[in-house]
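Asks: Here's a structure for you.
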Amino acid sequence: MSIVLSCEKLTKTYGRTYALRDLDLQLEENVIYGLLGRNGAGKTTLLNLIAGGLFATDGTIEARGKKLGKGAIPEDCCYVRENSKLFGGARLMEILQFAATFHPHWDWAFAHKLLQTFRLDPDKKIKQLSRGAESLVGNIIGLSSRSALTLFDEPVLGLDVLMRERFYKELLEDYANHPRTILLSTHLLDEIAPIAERVYILDEGSLLLHEEMNQISMAAYLIRGHSDAVAAFTEGKRVLHTESYGHGKLAAIFEKLDDGDRLQARQLDIALEQLTLQKFFSYLIEGGR
Amino acid sequence: MNVTFDEKQPIFQQVADIIEDDILNGTYREDEQILSVAQFSQLFQINPATVVKGIGLLVNEGILYKKRGLGMYVSSDAKLKIQKQRRNRFYKELLSSLISEADKLELATEDIIEMIKQLRKE
């Protein structure tokens, strides 16, 4: 697997505040990554640093093995901002024409198809668009650019459920035909779970977890049973959060379970259920302290 | 803390199942008080009206009873009642899905019984 982008000890401070602290990150070729974290965790800062919009206080970014200089952008990279700051007076088509000149693999046929899928009028001015429609314009650029490295910052912000589903469908379909590396930040975790192959979870500027989506769904459980049984079962396992009620107890765990564990759970009369990514995320972040 | 409620069953039914599970595993004993609606609603993050409905189901079945002004209590024969109901469910749902899978795999009844005996020994 070749590495498209790697960050080492990446740090960004604003005055005394650390927006990012010693972040190590590696993006492999043709993988879809989810970038997760609560508000202010450093997601946008990270994307801005990669796309050359911000200068790192410390640390390095390498694109395909070559160190990026200050303000340099990785080759063949498309960054779709959350707040796109497109020129409001321009028409949608003019914006697309402008974007097309920056991206060598731009596909006009695909862009036109997306305009229809997302029900956008290319003659409309940017300032006339709703919040959701603005996100969609960015998404059309991100998808049509077919860039080897595409960064999406909250691409589904302001979109209704139907448009979100259309976006995910187009993304996956086009990714299947034209594999590339995609890093996508979002707060809608359960929607990204089936789409991302791996996730990076940031908290307060640091990396909290980097894991394959499959590994998370196979190891994140909520267990419920008698307090003694739960205590016996969770011994030696990584417990994210517990809550007691009377003689009963709930516990969120992050541990791969084997057949022996399952047998033990049955014998102890413990109910086991998988946690969704969203619940896992909140226990991971809140339960840790 | 919230449990993932699946879509296969109505949520009030799942509330009743959670309380039943807790009676079976000894979290609640006979004539002991169960969580209040407010506590339950908070703990599992479900609408209180749904909790009331789930508890009502168990009251109708005689598994829980109400002490006026105090709250809900576990009936003395609750465990037996739940076991009886669940045996019924075990027979109707679990066994029939087991058999339909076994048919697909062309397993004979004797084979299935042998497997069950093996597992129960472990």
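Rule-based calculations on the coordinates, nothing more; no lab input. For clarity, every value in this text was computed on a predicted model and none was experimentally measured. Reconstructed Cβ throughout: ideal geometry from the backbone, glycine too, with neighbour counts over all protein chains shown.
Asks: Whether any residue in the stretch B:67-79 is touching a Leu at 6+ places or on another chain (Cβ under 7 Å), part of a strand (DSSP E or B), within 14 Å of chain A (Cβ to nearest Cβ) and more than 21 Å from A:Asp269 (Cβ to Cβ) is what I want to check.
Replies: Yes, the conditions are met somewhere in the stretch B:67-79.
Asks: To continue, here is another question. How many residues are surrounded by 12 or more Cβ atoms within 10 Å (Cβ to Cβ) and either within 23 Å of the chain's Cα centre (by Cα) or within 23 Å of B:Glu20 (Cα to Cα) (or both) if we restrict to the stretch B:96-117?
Replies: The qualifying residues number 2.
Asks: Going residue by residue through the stretch B:85-94, is there one that turns out to be assigned to a helix (DSSP H, G or I), touching a Ser or Thr at 6+ places or on another chain (Cβ under 6 Å) and in contact (Cβ under 8 Å) with a residue 24 or more places away in the chain?
Replies: Within the stretch B:85-94 (the criterion being assigned to a helix (DSSP H, G or I), touching a Ser or Thr at 6+ places or on another chain (Cβ under 6 Å) and in contact (Cβ under 8 Å) with a residue 24 or more places away in the chain), the answer is no, since none of the residues qualifies.
Asks: Restricted to the stretch B:20-41, and to residues that are more than 10 Å from chain A (Cβ to nearest Cβ) and of a type outside the set (D, E, K, R), which residue is surrounded by the fewest Cβ atoms within 10 Å (Cβ to Cβ)?
Replies: B:Ala38
Asks: Taking the stretch A:84-129, which residues are within 24 Å of the chain's Cα centre (by Cα) and loosely packed, with under 13 Cβ neighbours inside 10 Å?
Replies: Result: A:Lys85, single match.
Asks: Search the stretch A:244-289 for residues being without any contact (Cβ under 8 Å) to a residue 12 or more places away in the chain and exposed (fewer than 14 other Cβ atoms within 10 Å of the Cβ), and hand back the single one that is farthest from the other protein chains (Cβ to nearest Cβ).
Replies: Step by step, filter the stretch A:244-289, then rank; the result is A:Arg289.
Asks: Another question, if that's okay. Residues to consider are B:Val52, B:Val59, B:Val37; find the one that is over 17 Å from the mean Cα position of the chain (by Cα) and aliphatic (A, V, I, L, M).
Replies: B:Val37
Asks: For a quick check of your reading of the model, give me the residue pairs whose first member lies in the stretch A:201-213 and is under 18 Å from A:Ile32 (Cα atoms), whose second is aromatic (Phe, Trp, Tyr), with beta-carbon atoms closer than 6 Å and at least 6 apart or on different chains.
Replies: A:His210/A:Tyr200
Asks: Answer yes or no: is there a residue in the stretch B:61-68 that is over 21 Å from A:Leu250 (Cβ atoms), in contact with a Phe, Trp or Tyr (Cβ under 7 Å, 6 or more places away or on another chain) and among the acidic types (Asp, Glu).
Replies: The answer is no; no qualifying residue exists.
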